[in-house]
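Chemist: Got a structure for you, written out below as structure tokens; questions coming shortly.
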Amino acid sequence: MQLQCINKKNQLNAQPLISETMELNPAVMETRKLCIYGSFVVCCLLLLLIFLLSHNQQVVNISSMNARATILPFSNQFASPTDLLPSTNDETSNMHAIANANATKPVVEMEEEEAAAMKKEIIKYCDMFEGRWVYREDGWPWPRYNSTVCPFLEEKFSCQENGRPDHDYQKWVWENPDCDIPQFNGTDMLERLRGKRVILVGDSLNRNQFESLACLIYSSIPTPSIRQLVDAIASDDSEFKMLKAKDYDFKLEFYWSPFLVQLDLNHESGRKVLVLDKLSPNSEQWRGADIMVFNSGHWWIHLGKMKSWDLMQYQGELLEEMQIELAYEKALKTWGKWIIENVDTTKTTVFFRSISPEHKAKHWCFNSTQPIMDESYEKLYPSSMTAIIEKQIHEMGSTNTSTSTSSRVRYLNITKLSEYRIDAHPSVFRNKQRGGGQLESFPDCSHWCLPGLPDTWNRLLYASLLLVPHTS
């Protein structure tokens, strides 16, 4: 059309002008109008085509993003490992912003090196076990359960039931100023652990943690009818306890083993013998668990009448005396050897929980209602025992898979955050008969009230599973 218009205009220009004021021929005027109109229509069509192509590309991009969102490992309502990224505006904020931006992409679209680098930065810049206690008047998000309706809670941890009058110890929340630690989500944890088995092995402090986790999970079951499908099983001596959620095919178990190695009460010598190179007899029941949480510490430092053994045995030799730190190290090596030889840590996630502090002697828990805020106070547990745990975990090495390398045993380092909480022990409110705050000679400054501090331990356990998800 444009070529025809140009030819006609050339013909028109070739005609001699009769007068500058003379009107153009009507046919010529009509041709000009058609050319102008045709050019306008073509331009409009081109603009419309460009707009449609651009719009379609946006629709494709949005659809692609929505499709990818369905394969993300965590939904928006649940915390993901990237929620542990730092949130401060320090000198590393630019790097953190990049990490947050990358975190919105599915890992399947990222280069393996980039994904590995992101995970390292998350772990490096967010230590969940460092932080501070923040008081919240409303108590949110704790406590998560009612001690009067949880069938797993034993009397000595039920401080409110035993007459403790204050509630402030339940209103302190552990926070890291550099990142957001995910809140415990029992419903999500149950879904993740369908068909799984979780065990806690150790002393009464691990039983304290077991009862906290059992109550958190039990209270998260959505309907009373499903709660009726939960069994609370315990031996008469409380050396074995279990939560069994039938609707989820899930088991949570506790095994009593304060030394992790064998305490032989029927030794041929007629004495109580702690056998440092032989694992606890109930270790046969540990096999096959999907998640394992171990601890050992308190019973090693009991003295006098509280000491559990008369003799120690190592490599067949009975010993009257051995330095406690050396005996503890040998026992942990026995435990570590069993883990390496009997547990496939590419399928089973193994944790060791650090020593739970006591508040006795100079820092007595009796009548304490506020946490310790002074970090310079003298600690009861020798740092040498903590160093032995960390050394053992380090020496056990790493587990390598096709996608990652991680420690064979993960460390739940709750010692420091628990040292502040002198206010959170049962003290004299460890049973109804001795409640009332009058018996100063019988305070329990070792265990913890429930709901209370062990709920935070389990929050950090849950966050650790999110950070390094368990796979089978």
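Chemist: Can you list the strands (runs of 3 or more DSSP E) lying wholly within region 309-393 that have 3 or more residues being within 30 Å of the chain's Cα centre (by Cα)?
Modeler: Those strands (runs of 3 or more DSSP E) span 349-353.
Chemist: May I ask you to list the residues in region 298-318 that are surrounded by 14 or more Cβ atoms within 10 Å (Cβ to Cβ) and more than 14 Å from Leu263 (Cα to Cα)?
Modeler: His298, Ile301
Chemist: Quick check on this structure: which one of Ile339, Ile355, Ile291 is touching a residue at least 24 places away in the same chain (Cβ under 8 Å) and either acidic (Asp, Glu) or touching a helix residue (DSSP H, G or I) at 6+ places or on another chain (Cβ under 7 Å) (or both)?
Modeler: Just a single option satisfies the conditions, and that option is Ile355.
Chemist: Among the residues of region 294-321, write down those that are aliphatic (A, V, I, L, M), in contact (Cβ under 8 Å) with a residue 40 or more places away in the chain and closer than 30 Å to Leu412 by Cβ.
Modeler: Ile301
Chemist: Six or more apart or on different chains, Cβ under 6 Å: which pairs go from a residue in region 259-273 that's within 14 Å of Ala331 (Cβ to Cβ) and among the polar types (S, T, N, Q) to one that's part of a loop (DSSP other than H, G, I, E, B) and at pLDDT 95 or above? Could you list them?
Modeler: Once the first residue is within 14 Å of Ala331 (Cβ to Cβ) and among the polar types (S, T, N, Q) and sits in region 259-273, its partners that are part of a loop (DSSP other than H, G, I, E, B) and at pLDDT 95 or above give Gln262/Ser280.
Chemist: If I filter region 210-245 down to residues being in contact with a Leu (Cβ under 6 Å, 6 or more places away or on another chain) and more than 19 Å from Asp188 (Cβ to Cβ), which single residue comes out as surrounded by the fewest Cβ atoms within 10 Å (Cβ to Cβ)?
Modeler: Residue satisfying both the conditions and the ranking: Glu211.
Chemist: Also, quick follow-up: Using beta carbons and a limit of 8 Å, which pairs, at least six apart or on different chains, have the first residue in region 223-247 and among the polar types (S, T, N, Q) and the second one open to solvent by less than 70 Å² (accessible area, probe 1.4 Å)?
Modeler: Ser235/Lys241; Ser238/Glu154; Ser238/Arg207; Ser238/Trp256
Chemist: Give the residue that is modelled with the highest pLDDT, with candidates limited to residues of region 181-217 that are in contact with a Gly (Cβ under 9 Å, 6 or more places away or on another chain) and in a loop (DSSP other than H, G, I, E, B).
Modeler: Taking the candidates together, the pick is Asp203.
Chemist: Sticking with this one: May I ask you to list pairs of residues, at least six apart or on different chains, whose Cβ atoms are under 6 Å apart, with the first in region 363-389 being more than 20 Å from Glu130 (Cα to Cα) and the second being at pLDDT below 90 and open to solvent by 50 Å² or more (accessible area, probe 1.4 Å)?
Modeler: Sorted first by the residue in region 363-389, then by its partner, the pairs are Phe366/Glu440.
Chemist: Return the residue satisfying two criteria in turn: it lies in region 328-350 and is aromatic (Phe, Trp, Tyr) and closer than 16 Å to Gly397 by Cβ, and of such residues it is surrounded by the fewest Cβ atoms within 10 Å (Cβ to Cβ).
Modeler: Filtering region 328-350 for residues that are aromatic (Phe, Trp, Tyr) and closer than 16 Å to Gly397 by Cβ, the one surrounded by the fewest Cβ atoms within 10 Å (Cβ to Cβ) comes out as Trp338.
Chemist: Here's something else I'd like to know. Can you find a residue in region 348-365 that is within 30 Å of Ser269 (Cα to Cα), at pLDDT 90 or above and small (Gly, Ala, Ser)?
Modeler: No, region 348-365 contains no residue that is within 30 Å of Ser269 (Cα to Cα), at pLDDT 90 or above and small (Gly, Ala, Ser).
Chemist: How many residues does region 218-231 contain that are farther than 12 Å from Pro151 by Cβ and part of a helix (DSSP H, G or I)?
Modeler: Qualifying residue count, region 218-231: 4.
Chemist: Ok, one more. Considering each of Ala79, Ala115 in turn, give the residue that is modelled with pLDDT under 50, of a type in the set (Gly, Ala, Ser), part of a helix (DSSP H, G or I) and out of contact with any strand residue (DSSP E or B) (no Cβ under 8 Å at 6 or more places or on another chain).
Modeler: Ala115
Chemist: Within region 143-175, track down each residue that is open to solvent by less than 20 Å² (accessible area, probe 1.4 Å) and either outside any loop (DSSP other than H, G, I, E, B) or closer than 18 Å to Ile422 by Cβ (or both).
Modeler: Across region 143-175, the qualifying residues are Phe157, Cys159, Arg164, Tyr169, Val173, Trp174.
Chemist: Condition test on Arg136, is it modelled with pLDDT of 90 or more, open to solvent by 40 Å² or more (accessible area, probe 1.4 Å) and out of contact with any helix residue (DSSP H, G or I) (no Cβ under 9 Å at 6 or more places or on another chain)?
Modeler: Judged against the criteria, Arg136 is a match.
Chemist: Taking region 232-261 only, how many residues are over 24 Å from Leu412 (Cα atoms), of a type outside the set (A, V, I, L, M, F, W, C) and part of a strand (DSSP E or B)?
Modeler: 1
Chemist: Another question, then. How many residues does region 286-297 hold that are in contact with a strand residue (DSSP E or B) (Cβ under 6 Å, 6 or more places away or on another chain) and open to solvent by 10 Å² or more (accessible area, probe 1.4 Å)?
Modeler: Adding up the residues that qualify gives 1.
The values are calculated or read from the model by the stated rules, or taken from the named source; none is laboratory data. Note that the structure is a prediction, hence the values are computed from the model and not measured. Positions of Cβ are backbone-derived with ideal geometry, glycine not excepted, and every protein chain shown enters the neighbour counts. SASA here: full protein model, heavy atoms, side chains in, ligands and nucleic acids out. Shrake-Rupley method; radii C 1.70, N 1.55, O 1.52, S 1.80 Å.
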